[in-house]
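K.L.:
One structure is given below, represented as structure tokens, and several questions about it will come after.
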Amino acid sequence: MLYLRDATFVDWKSLRLRRGHLEVASGDAGKIRFVSRVPRGAEVLECSGRLVTKSFVIAHHHLYSALACGMPGPKRAPKNFPDMLKQVWWNLDRALDEDMVRACALAGGIAAAKAGTTFIIDHHSSPNAVRGSLDLIASALDEIGLGHLLCVELSDRDGKARREAALEETDGYLRKRQGLVGLHASFTVGDELLDRAIALAVGRDTGIHIHVAEALDDQKACAQQHGMRVVQRLASTGILESPKTLLAHGLHLNAAERTLFRSSRAWLVQNEESNQNNAVGGFDPKGLGNRLLLGTDGMHGDMLASTRAAYLAAQARGGMSPLDAYRKLRRAHDYLSTNGFQGDGDNNLVALDYAPATPVTERNLAGHFLFGMNSSHVEHVISGGKIIVKNRRMTRVDEDKILKDAAGQTERLWRRL
Ligand SMILES: [Zn+2]
């Protein structure tokens, strides 16, 4: 048992505040409860003056880009989004080897944990080092103490051998661990691969995780090659009826696709900062319903920053209240619990050293999440009832050594670009 002494606890659903000593049980189903006193000799985190609440989930991440920050730019400016993929991201992921994949997972995992995240839904790609890549990422995140739902990107973009290796990697991993079947995007996935991916997902009782209409080019290619829109193509396979299916982006959807998505059981992840960075358009929630989540799309591991970006972008498109933005941040917990995925129980918590000039109440907490709090306030993080960040330092892994190693891997990676 772990005890958080004198915490100001924020219930993530009701936003109710309660001050007292919290007892935190460990394990997947570990519960939390208030106790009148902390037992002598127990493991204690002093939380006086700290806001303690449920930690965060990244609903769409690419840990494989963790060593990309500051990398040299492409030789010429990309003409459009597909050109950006070819020149930047596919160049990067093809250069990754096993040591770099592990360094990415450790460095990206640490950054996320220090920003208050305890669960990562990742979309991985390393076409020339795919075998065993999911196990490498899973063990890195396990070492840090993070929950995860992984997949490897299936695609026809790198030919048959790499496609088959990614299918094999997915199948082997899903036999052992919870995960999803990853697909790059409709425009790099042929009909045969799509059918096999869906069969794999159905056979392993899971959903797919795919980029959808991130740029208009995805829709154009789908119309040309398949005579339909992207969401229609996916819906025709039946996989949108899986509540485990995750679509990322969903920027260029027409009214029929919005209706199709809304009446399905799939979820959609907004990645506002990435969309702005790639200049692919803005996210419009119109007609999509409530199964909308937030991700970082590999830009960073900071969900408070992602939530703020989504909130600010929404102001130019009809507005959004702070409470609605907060609810969007929290909807990933519903996605995970509805589907019975492990690793996001009540005993996943973040303690924030947050002392604003204005009062914090149940009614204005969403405003504090958006305008006051940021990742620099994250002091302690508890995952599965165990402390993984204490006083802003990792407890289970040697972060200085990991970052030093990552710098060495970064040097190797950038030389290949
Ligand atoms: Zn993505």
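K.L.:
In the range 118-140, what residues are assigned to a loop (DSSP other than H, G, I, E, B) and more than 16 Å from the ligand (Cβ to nearest atom)?
P.N.:
Hits for the range 118-140 are ASN128, ALA129, VAL130, ARG131, GLY132.
K.L.:
Here is a further query. Exactly one condition in (1) closer than 27 Å to LEU240 by Cβ; (2) at pLDDT below 95 is not met by GLU272; state its number.
P.N.:
(2)
K.L.:
Next question. Please name all residue pairs, on different chains or six or more residues apart, with Cβ atoms under 7 Å, provided the first residue is in the range 164-177 and is in the same structural domain as GLU153 (by TED's automatic domain parsing) and over 15 Å from ALA138 (Cα atoms) and the second residue is part of a loop (DSSP other than H, G, I, E, B) and hydrophobic (A, V, I, L, M, F, W, C).
P.N.:
ALA165/VAL130; ALA166/VAL130
K.L.:
Does the range 270-289 contain at least one residue that is among the aromatic types (Phe, Trp, Tyr), within 16 Å of the ligand (Cβ to nearest atom) and either closer than 18 Å to VAL57 by Cα or not assigned by TED's automatic domain parsing to the domain that holds ARG327 (or both)?
P.N.:
Narrowing the range 270-289 to residues among the aromatic types (Phe, Trp, Tyr): 283.
With within 16 Å of the ligand (Cβ to nearest atom) added as a condition, the list becomes 283.
Then keep just the ones that are either closer than 18 Å to VAL57 by Cα or not assigned by TED's automatic domain parsing to the domain that holds ARG327 (or both); that gives none.
Within the range 270-289, not a single residue is among the aromatic types (Phe, Trp, Tyr), within 16 Å of the ligand (Cβ to nearest atom) and either closer than 18 Å to VAL57 by Cα or not assigned by TED's automatic domain parsing to the domain that holds ARG327 (or both).
K.L.:
I would also like to ask the following. Here are the criteria: (1) out of contact with any strand residue (DSSP E or B) (no Cβ under 8 Å at 6 or more places or on another chain); (2) in a loop (DSSP other than H, G, I, E, B); (3) of a type in the set (Ser, Thr, Tyr). Tell me which single one TYR326 does not satisfy.
P.N.:
Unmet condition: (2).
K.L.:
Something else about it: What pairs come up if the first residue lies in the range 54-79 and is farther than 14 Å from LEU417 by Cβ and of a type in the set (S, T, N, Q), the second is assigned to a helix (DSSP H, G or I) and more than 16 Å from the ligand (Cβ to nearest atom), and their beta carbons are under 9 Å apart, counting only those six or more places apart or on different chains?
P.N.:
If the second residue must be assigned to a helix (DSSP H, G or I) and more than 16 Å from the ligand (Cβ to nearest atom), the pairs left are SER55/ALA113.
K.L.:
Moving on to the next point. Taking only pairs six or more apart or across chains, which ones have beta-carbon atoms under 6 Å, a first residue in the range 258-286 that is touching a residue at least 24 places away in the same chain (Cβ under 8 Å) and more than 30 Å from ALA77 (Cβ to Cβ), and a second residue that is among the aromatic types (Phe, Trp, Tyr) and part of a helix (DSSP H, G or I)?
P.N.:
TRP267/TYR335
K.L.:
In the list SER48, SER36, SER26, which residue meets the criterion of being of a type in the set (S, T, N, Q) and free of Cβ contacts under 8 Å to residues at least 40 places away in the same chain? Please lay out each step first, then the result.
P.N.:
Numbers: SER48 fails: free of Cβ contacts under 8 Å to residues at least 40 places away in the same chain; SER26 fails: free of Cβ contacts under 8 Å to residues at least 40 places away in the same chain.
Selected residue: SER36, the only one of SER48, SER36, SER26 that is of a type in the set (S, T, N, Q) and free of Cβ contacts under 8 Å to residues at least 40 places away in the same chain.
K.L.:
Test of understanding: among LEU67, LEU85, LEU15, which residue is buried (at least 17 other Cβ atoms within 10 Å of the Cβ), part of a loop (DSSP other than H, G, I, E, B) and not assigned by TED's automatic domain parsing to the domain that holds THR361?
P.N.:
On the way: LEU85 fails: part of a loop (DSSP other than H, G, I, E, B); LEU15 fails: not assigned by TED's automatic domain parsing to the domain that holds THR361.
After applying the criteria, what remains is LEU67.
K.L.:
While we're looking at this one, here's another question. Looking only at the range 286-310, count how many residues are surrounded by fewer than 17 Cβ atoms within 10 Å (Cβ to Cβ) and among the basic types (Lys, Arg).
P.N.:
1
K.L.:
State all residues of the range 360-388 that are surrounded by 18 or more Cβ atoms within 10 Å (Cβ to Cβ) and of a type in the set (Phe, Trp, Tyr); if no residue qualifies, say none.
P.N.:
PHE369
K.L.:
OK, next. Could you please give the count of residues in the range 182-206 that are within 16 Å of the ligand (Cβ to nearest atom) and of a type outside the set (Phe, Trp, Tyr)? Spell out the reasoning first.
P.N.:
Within the range 182-206, the first condition is being within 16 Å of the ligand (Cβ to nearest atom), and the residues that meet it are 182-189.
Filter once more, keeping what is of a type outside the set (Phe, Trp, Tyr): 182-186, 188-189.
Total satisfying the criteria: 7.
K.L.:
Select, from ALA313, ALA325, the only residue that is touching a residue at least 40 places away in the same chain (Cβ under 8 Å), farther than 30 Å from GLU23 by Cβ, surrounded by fewer than 21 Cβ atoms within 10 Å (Cβ to Cβ) and in the same structural domain as ILE121 (by TED's automatic domain parsing).
P.N.:
Numbers: ALA325 fails: surrounded by fewer than 21 Cβ atoms within 10 Å (Cβ to Cβ).
Every option except ALA313 fails the conditions.
K.L.:
Then there is this: Within the range 103-114, does at least one residue satisfy the condition of being in contact with a Phe, Trp or Tyr (Cβ under 9 Å, 6 or more places away or on another chain), surrounded by fewer than 24 Cβ atoms within 10 Å (Cβ to Cβ) and on the phi < 0 side of the Ramachandran plot? Spell out the reasoning first.
P.N.:
Within the range 103-114, the subset in contact with a Phe, Trp or Tyr (Cβ under 9 Å, 6 or more places away or on another chain) is 104-105, 108, 112.
Add one more test, that the residue is surrounded by fewer than 24 Cβ atoms within 10 Å (Cβ to Cβ), and what stays is none.
No: the range 103-114 contains no residue that is in contact with a Phe, Trp or Tyr (Cβ under 9 Å, 6 or more places away or on another chain), surrounded by fewer than 24 Cβ atoms within 10 Å (Cβ to Cβ) and on the phi < 0 side of the Ramachandran plot.
The values are calculated or read from the model by the stated rules, or taken from the named source; none is laboratory data. Note that the structure is a prediction, hence the values are computed from the model and not measured. For neighbour counting, all protein chains shown are included, and Cβ atoms are generated from backbone atoms with ideal geometry for every residue, glycine included.
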